[in-house]
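Here's the structure we're looking at; comments come further down.
The values are calculated or read from the model by the stated rules, or taken from the named source; none is laboratory data. Quick caveat, the model's predicted, so the values are computed rather than measured. Cβ atoms come from the backbone with ideal geometry, glycine included; neighbour counts cover every protein chain shown. Surface accessibility is based on the protein's heavy atoms, side chains included, excluding ligands, DNA and RNA. Shrake-Rupley method; radii C 1.70, N 1.55, O 1.52, S 1.80 Å.
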Amino acid sequence: MTSSALSVPVSNLDDTIVMSPVRRNVAMIAVLLSMLMTNIDTSIVNVALPQLAHDLAVTPADAVWVATAFLLAVSCSIPAMTGLADQIGRKWMFLIGTPAFTVASLACSLSPSFGALVAGRVLQGVAAAMLFAVAIPIYRRIFPPERLGFVLGMNAMVVALGICAGPTFGGLILAQLDWPWLFLINLPIGAVATVLGIVFLPSRRPTRGGYDLAGALAAAAAIACFLLGIHQLADTSTLWIAGTLLIGCGLLATVFVLIERRATRPVLPPSLFNGRVTLAVLTAFWSFFGQGAAFVALPFLFQSAYHASPLQSALLFTPWPLIIIIMSPLSGRLADKYPGGTLPVIGLAVFTFGLLALSFLGGRPPIWLVLVSTGLTGLGFAIFQPPNNRDMMAATPIRHASAMAGVMNVNRTLAQSMGAGAVSIALVLVGASSVSPALEAQGANNALFVAVAGSAVAVIVSIVKMRHLKTH
């Protein structure tokens, strides 16, 4: 590699770094690898939850915390990491976050107990937040405006692939290896991403001063109170704790809004939320709630009601990620050609129908019907997500791109955490345990109906957004 290929002069026209095509594309690959690694870990453990409950001698509801702890840590950390990235530089944030996630993955694989595994997942979540905070801003910095749609489409596909293919990868691994290998697969990916980041990511002088620490802490505390409060609702003996946490969430959210209105460089600029952005964010929230609940509930349903092995359970998931890989790029191109909010409504309707079909499969459905149902959910989500993301980014000023990226990531992880919490509540309410497959299946099926309800709300909000776009 020549020295000229590594130079990073800045264009005065759009603030994009002038880079050779080779360096730009390899830098993109480094970030995409980090996104693939972190998003796979959002869902890869879901298919192993029944096995983890048995191996670590915990209840199925407790085992869900292996998934929830990661999402909770990500949700709480992203507001702080978004502002911190500007303070230390995005390349440095990437080069801290990627090795940290890799080391945390190793710690998870070596966990001697359930508590140690949950702690390792928290560390993974904090490191993942560092990477989520800088991915889209790095793309914006290294790609010119006329190619930004391309790289955002690639990122959306990799994120969807990581989240949706996680259960399939997990099942394939568990068919031959023990659950620690779910985390060990991150080591080579993290190592390659780190090396590529060191060599190819450009450096830029960080923006010092004005860090909204108070806002970041208030946001993290509010998010933690909300998610922990939701999970406490699963235990009638701790309802008072749930009520206290949810009231605390409301108070902290109020404090956060007041802080943001006075901050010089707010974590979340109030001006960001116009009608179009707010409706798109709400639509995404309820769709990810439905997806998150389904991803946690379906392994319990497949393995308890259908007596599927982890591998068989993963294969039943396969149509979901496969269709997303095929359809997401096409959906993004259609969104450019046919704006106006119609595509998200169509996608969410198909997604909701797929979830409803999964809810009514019964005890011994034919395999083809399960595959068609999971395929419909994947098709609907692939039609919905790229156009909805486009609506959010198109309505956001460039100066707020980092803040919008934080909103999108917090929104997704918060919704998925709530979905996982809903499954935990459903399992507890029916008295499920690792020795009662019938009750596990009943609780999982109940959780799928909750996922359907969340997706139906997303359809309604998306219709409101479509009408808003046509009248404004």
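Report the charge-dipole magnitude of the chain in Debye, nearest 20, computed about the Cα centre from +1 at each Lys and Arg Cβ and -1 at each Asp and Glu Cβ.
Numbers: 24 positive and 14 negative charges, 300 e Å.
Charge dipole of the chain: 1440 debye, to the nearest 20.
Placing +1 on the Cβ of each Lys and Arg and -1 on the Cβ of each Asp and Glu in segment 70-185, which of Val126, Gly97, Thr82 has its Cα farthest towards the positive end of the resulting dipole?
It is Thr82, whose Cα lies furthest towards the positive end.
Just how far, in whole angstrom, is segment 38-64 from segment 82-109 if you go by their alpha carbon centroids?
24 Å
Only Lys, Arg, Asp and Glu count, each charged at its Cβ (+1, +1, -1, -1), so figure out the dipole size of segment 165-298 about its Cα centre, rounded to 20 debye. Could the numbers behind the result be given before it?
Numbers: 7 positive and 4 negative charges, 149 e Å.
Around 720 debye, computed over segment 165-298.
Quote to one decimal, in nm, the extra length available between Leu369 and Ser113 on full extension: 0.36 nm per residue of separation minus the C-alpha distance between them. If you can, show how the numbers build up before the last one.
Details: separation 256, 0.36 × 256 = 92.16 nm, distance 3.85 nm.
Separation in residues times 0.36 nm, less the Cα-Cα distance, equals 88.3 nm.
Stretch Leu334-Val18 to full length: gain in nm at 0.36 nm per residue minus the Cα-Cα span? Spell out each step's value before the answer.
Details: separation 316, 0.36 × 316 = 113.76 nm, distance 2.98 nm.
Here the answer is 110.8 nm.
Enumerate the whole-percent occupancy of each 10 Å bin, from 0 to the last occupied one, for all C-alpha pair distances of segment 149-266.
P(r) for segment 149-266, in whole percents per bin: 11, 18, 23, 34, 13, 1.
Within 15 Å, Cβ to Cβ, of Thr98, how many net charges do the neighbouring residues add up to if Lys/Arg are +1 and Asp/Glu are -1? Present the calculation step by step, with values, prior to reporting the outcome.
Numbers: positive: Arg90, Lys91; negative: Asp41.
Value of the local net charge: +1.
Mind ranking 169-182, 115-128, 409-422 by how tightly packed they are, going by the mean number of other C-beta atoms within 10 angstrom, highest first? Walk me through the numbers before you get to the answer.
Working: 169-182: 18.2, 115-128: 21.9, 409-422: 26.1.
Packing proxy ranking, top to bottom: 409-422, 115-128, 169-182.
Taking the Cα-to-Cβ direction at Gln176 and at Ser237 and moving 7 Å from each Cα, how far apart do the two end points lie in nm?
Distance between the two pseudo-spin positions: 4.5 nm.
In units of 2.2 N^0.38 Å, what is the alpha-carbon radius of gyration of segment 221-339? Kindly include the intermediate steps, with their values, before the conclusion.
Details: Rg = 20.2 Å, N = 119, 2.2 N^0.38 = 13.5 Å.
After normalising by residue count via 2.2 N^0.38 Å, the value is 1.49.
Order the peptides 297-307, 239-249, 48-58 from the highest to the lowest mean number of other Cβ atoms within 10 Å of their residues. Show your work: numbers first, answer last.
Details: 297-307: 23.7, 239-249: 15.1, 48-58: 19.4.
Ranking the peptides 297-307, 239-249, 48-58 by packing returns 297-307, 48-58, 239-249.
Modelled label-to-label distance, Val192 and Arg261, 7 Å Cα→beta-carbon offset: nm?
That separation, rounded to one decimal, is 5.0 nm.
For Lys337, go through the lysines and keep the ones whose alpha-carbon is under 25 Å away, minus same-chain ones fewer than eight residues off.
Lys465, Lys470
Taking the full set of protein chains and a 1.4 angstrom probe, give the accessible area of Ser111 in square angstrom, rounded to the nearest 10.
Looks like 20 Å² after rounding.
With only alpha-carbon pairs counted, each pair once and no self-pairs, how large is the Kirkwood hydrodynamic radius of segment 48-128 in angstroms? Mind showing how you got there, number by number?
Working: mean 1/r = 0.0748 Å⁻¹.
Final number for the Kirkwood radius of segment 48-128 is 13.4 Å.
Using the Kyte-Doolittle scale, find the helices of the chain whose mean hydropathy is at least 1.0 and whose Cα atoms extend 20 Å or more along the helix's long axis, counting only whole DSSP H runs. Mind dumping the intermediate values first?
Numbers: long enough: 21-43 (33 Å, 0.79); 65-88 (32 Å, 1.34); 90-109 (28 Å, 0.87); 114-142 (41 Å, 1.40); 145-176 (45 Å, 1.20); 186-200 (21 Å, 1.93); 213-232 (28 Å, 1.82); 239-262 (35 Å, 1.57); 275-304 (44 Å, 1.18); 319-337 (27 Å, 0.71); 342-359 (26 Å, 2.03); 367-394 (41 Å, 0.70); 401-429 (42 Å, 1.09); 437-471 (51 Å, 0.87).
Correct list, ordered by number: 65-88, 114-142, 145-176, 186-200, 213-232, 239-262, 275-304, 342-359, 401-429.
Summarise the accessible area of the chain (1.4 Å probe, protein heavy atoms) by the percent that is carbon and sulfur. Show your work: numbers first, answer last.
Values: 13070 of 18410 Å².
C and S fraction of accessible area: 71 percent.
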